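The values are calculated or read from the model by the stated rules, or taken from the named source; none is laboratory data. This one's a predicted model, so the numbers in the text were calculated from it and none came from an experiment. Cβ placement follows ideal geometry from the backbone for every residue including glycine, while neighbour counts extend to all protein chains displayed. To get the accessible areas, we keep the full protein, side chains included, count just its heavy atoms, and leave off ligands, DNA and RNA. Shrake-Rupley method; radii C 1.70, N 1.55, O 1.52, S 1.80 Å.
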Amino acid sequence: MLSVKGLKAKVGDKDILKGLDLEVGPGEVHAIMGPNGSGKSTFAHVLSGREGYEVTAGSVDFNGQDLLGLEPEERAQLGLFLAFQYPVELPGVNNTYFLKSAVNAIRKARGDDELDAVSFLRLMKERLKVLHLNDSLLKRPVNFGFSGGEKKRNEIFQMAMLEPKLAILDETDSGLDIDALRIVAAGVNALRGPERSMLVVTHYQRLLDYIKPDYVHVLAQGRIIRSGGKELALELEEKGYSWITDGEAA
Amino acid sequence: MSAAALTTRPPDPALLAWLGQAGEPPTSADEPAWLAELRHDAAARAPDQGMPTQKSEGWRYTGLSALIEQGFKPQQKPISALQSEDLDKALIDGLETYRLVMVNGQFEPRLSQLDGLPTGVHIGGLAELIAQDPDRLAGQLGQIAGAGQHLFTSLNTANFADGLVMLLDEQVQLDRPVELLHLSIGLDEPSVAQPRHLVVLAAGAQAELIERYLSFDQAPYCNNAVVEIRLAERAQLHHYRLQQESPSAYHLSGLYLEQAAASRYRGINIGLGATWSRTDLVTRFLAEQADCGLQGLYLAGDRQLIDYHMDVQHQVPHCSSRENFKGILHGKGRAVFDGRVYVARDAQHTDAAMSNRNLILSPNAEVDTKPQLEIYADDVKCSHGTTVGQLEPEMLFYLRSRGISAPLAQRMLCLGFAGEIIDALGPEPLREQVTEAVGQRLEQSPL
Ligand SMILES: Nc1ncnc2c1ncn2[C@@H]1O[C@H](COP(=O)(O)OP(=O)(O)OP(=O)(O)O)[C@@H](O)[C@H]1O
Ligand SMILES: [Mg+2]
């Protein structure tokens, strides 16, 4: 599904990713943990094609496609989805119109018919329920004036609408209250399936109680320095990062 | 040499052509004396006002040479080639209005729809009314505009042939908007039409007026329109102005507005068309508690100049004014915004705010924005702000990360930016038409 080899990237003249390797198979859920500033969001952005990063080495293969050569929209059309750590407000852009444009752009690229207004509305209603989102948010501009938690839920709602093959959730749990965390996790779990993989970036073990990962990785100083199963997250929760990173530096 | 001599120049042949060969307006013998005098005064004033040059402040960024080179001439005869099938193309689906249609500056009763007007309302052609009731408009027509902001108002006064007259008695409310549709058809000889409109709302009357400019072909022509509006105490007018002339058209428009106590005016100006356009919006408050809102959206691309000049005169206390204009510039498009608010020494408790925000989509586009607040009173609330910026890369990325192509993402953000103004257009079909027109323009034109 996703194969990252020796990925190096910089912003300006600052090296951030310094040889990152990661293999994600179909249907797998991988958690990525790591200290602040270690490069987790940078990795997510490089995967989704955000401007401003220069990839200096390595490769990213996504279902047989060289991801790094594609525009952001082409990556999304192939089934990549990023739930932003900081979702962007789009003043004046109606949420429903935005979603419909996105769903249909992706359907069109896949060779499916565009959804008509009725079927789109039906799909939207159905997915809204799972996330306990108030449908008044759909009439508002995208993320505009949304609370922190509403923004995060709106990201997962978009994911539910777009049905990606690989979803990257960048700290979707931060800023959520306990109930919202449960709802969002349930929404994510509802989307788990043999064909859908996930990269879950988080600082907290708590989220992983709800979304059980198959693998846990530690990203520090621009590389994956430790990989393991669920128990690694528990260990990190207990001991912090220093027991690994110190060993690494030595 | 006087200051006027520096900023204007003597009338040139083009100007004389507009005034008619002899420099005398085409007064017909049937016209009432007051109108002949009005025209005569305007014609006499025009050479003194002179053709503005780019040395005069109000025309610094708006050259007139292209307009003059076209050599537009006044129209000789009314055109009646237009059929009702043609009209259908110009109408907006779902928009129910009382409709007055002007074709090349002449009222076209055949294409108009004025049945079922309530009592207390007069809506009809200007020439027709003057013929039927010669003195009805004496002391009204021409009084609000006066000498006007510049030469072009005088040229209109001296030469206008026809227009809309809309008079509402006290407390009258219209059940539908009034639509004033200007249709232009190119003639063999590039011509100028000079429609003249008068709207008077008596105390407490309320109405919506839609003023539209459309073309049927790509031949060059010029519209030099003047609208005079007087709102009596507590009268309210919503005025939607859609300039969608053809890409080869020249468009001049002067709006002169007079507001009595507690009257309310809302003007939404949409400027999408014409290769060259200049609009002057002039407001004068006559008494306290009057409220004037001027909003606008302009979209200028290749071979396009769109100029909006405002002059809001606070001469009396306790009035409020808002100017809120947004612009989108692409290709080699150019726009000019000059918002002037004048607050006289006696105009205490004035509440005035002015805002002009611009999105520049291409490095070759340009906007010259100038907010002017001239305040001589000391107890007022006044603010202004202008911005010129680009689309946020973050916003574009967010949309593209959802599978939306870069051009569509740009269009969505532009429409989002424009939405605030478009949403102020009352009737839904009008909002839809403008949204579609803006979307299409952005889709077809190079960004
Ligand atoms: N545009 C930029 N210009 C300069 N430095 C940047 C830029 N973007 C990221 N960085 C730096 O790159 C490093 C990695 O940032 P990144 O956001 O990927 O970290 P992170 O692991 O997601 O951290 P957090 O857990 O706090 O979200 C940080 O030191 C950050 O300051
Ligand atoms: Mg981060």
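Tabulated data
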{"quantity": "Matching entry among A:R182, A:R153 (being more than 16 Å from ligand 2 (Cβ to nearest atom), under 13 Å from the mean Cα position of the chain (by Cα) and of a type outside the set (A, V, I, L, M, F, W, C))", "calculated": "A:R153"}
{"quantity": "Every residue from the stretch A:201-216 that is modelled with pLDDT under 90 and of a type in the set (S, T, Y)", "calculated": "A:Y204"}
{"quantity": "Of all residues making up the stretch B:292-336, the number that are in contact with a His (Cβ under 9 Å, 6 or more places away or on another chain) and part of a loop (DSSP other than H, G, I, E, B)", "calculated": "5"}
{"quantity": "Criterion (within 17 Å of B:V192 (Cα to Cα) and either in contact (Cβ under 8 Å) with a residue 24 or more places away in the chain or assigned by TED's automatic domain parsing to the domain that holds B:H182 (or both)) met by exactly one of B:E57, B:E69, B:E37", "calculated": "B:E69"}
{"quantity": "Any strands (runs of 3 or more DSSP E) falling wholly within the stretch B:216-291 and containing at least 3 residues that are β-branched (V, I, T)", "calculated": "B:222-231, B:276-285"}
{"quantity": "Any hit, the stretch A:74-84, residues being more than 13 Å from chain B (Cβ to nearest Cβ) and open to solvent by less than 10 Å² (accessible area, probe 1.4 Å)", "calculated": "no"}
{"quantity": "Residues that are open to solvent by less than 40 Å² (accessible area, probe 1.4 Å) and either under 31 Å from the mean Cα position of the chain (by Cα) or within 7 Å of another protein chain (Cβ to nearest Cβ) (or both), drawn from the stretch B:396-405", "calculated": "B:F397, B:Y398, B:R400, B:S401, B:R402, B:G403, B:I404"}
{"quantity": "Residues satisfying the stated conditions in the stretch A:7-45, i.e. open to solvent by less than 10 Å² (accessible area, probe 1.4 Å), more than 8 Å from ligand 1 (Cβ to nearest atom) and more than 19 Å from A:T56 (Cβ to Cβ)", "calculated": "A:V24, A:V29, A:H30, A:A31, A:I32, A:M33"}
{"quantity": "Given (1) away from ligand 2 (no atom under 16 Å from the Cβ); (2) part of a strand (DSSP E or B); (3) over 27 Å from A:D135 (Cβ atoms), index of the condition A:A9 fails", "calculated": "(1)"}
{"quantity": "Single condition A:V4 does not satisfy, out of (1) within 16 Å of ligand 1 (Cβ to nearest atom); (2) free of Cβ contacts under 8 Å to residues at least 60 places away in the same chain; (3) outside any loop (DSSP other than H, G, I, E, B); (4) within 14 Å of chain B (Cβ to nearest Cβ)", "calculated": "(4)"}
{"quantity": "B:M412 vs. criteria facing another protein chain (nearest Cβ under 7 Å), in contact with an Asp or Glu (Cβ under 9 Å, 6 or more places away or on another chain) and within 17 Å of B:L359 (Cβ to Cβ)", "calculated": "no"}
{"quantity": "Search result, residues across the stretch B:68-106 that are at pLDDT 90 or above and either of a type in the set (S, T, Y) or touching a Cys at 6+ places or on another chain (Cβ under 7 Å) (or both)", "calculated": "B:T97, B:Y98"}
{"quantity": "Residue within the stretch A:101-108 that is open to solvent by 40 Å² or more (accessible area, probe 1.4 Å), more than 8 Å from every other protein chain (Cβ to nearest Cβ) and under 24 Å from A:A190 (Cβ atoms) present", "calculated": "yes"}
{"quantity": "Residue satisfying condition, being of a type outside the set (V, I, T), in contact (Cβ under 8 Å) with a residue 24 or more places away in the chain and in contact with a helix residue (DSSP H, G or I) (Cβ under 7 Å, 6 or more places away or on another chain), within set A:N63, A:N95", "calculated": "A:N95"}
{"quantity": "Residue under evaluation B:G148, criteria (1) open to solvent by less than 10 Å² (accessible area, probe 1.4 Å); (2) in contact with a helix residue (DSSP H, G or I) (Cβ under 7 Å, 6 or more places away or on another chain), criterion not met", "calculated": "(1)"}
{"quantity": "Residue in the stretch A:64-72 that is at the interface with chain B (Cβ under 9 Å from one of its Cβ atoms), surrounded by fewer than 17 Cβ atoms within 10 Å (Cβ to Cβ) and at pLDDT 95 or above present", "calculated": "yes"}
{"quantity": "Matching residues, the stretch A:156-179, being within 16 Å of ligand 2 (Cβ to nearest atom), of a type in the set (V, I, T) and within 14 Å of chain B (Cβ to nearest Cβ)", "calculated": "A:I168"}
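Conditions tested, residue by residue: (1) closer than 29 Å to B:V312 by Cα; (2) surrounded by fewer than 18 Cβ atoms within 10 Å (Cβ to Cβ).
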| position | (1), (2) |
| --- | --- |
| B:L100 | yes, no |
| B:F107 | no, no |
| B:L111 | no, no |
| B:G116 | no, yes |
| B:V121 | yes, no |
| B:I130 | no, no |
| B:D135 | no, yes |
| B:G139 | yes, yes |
| B:I144 | yes, no |
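Conditions tested, residue by residue: (1) touching a Ser or Thr at 6+ places or on another chain (Cβ under 6 Å); (2) in a strand (DSSP E or B); (3) within 14 Å of chain B (Cβ to nearest Cβ); (4) at pLDDT 95 or above.
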residue	(1), (2), (3), (4)
A:I16	yes, yes, no, yes
A:D21	no, yes, no, yes
A:P35	no, no, no, no
A:R50	no, no, yes, yes
A:V55	no, yes, no, yes
A:S59	no, yes, no, yes
A:V88	no, no, yes, yes
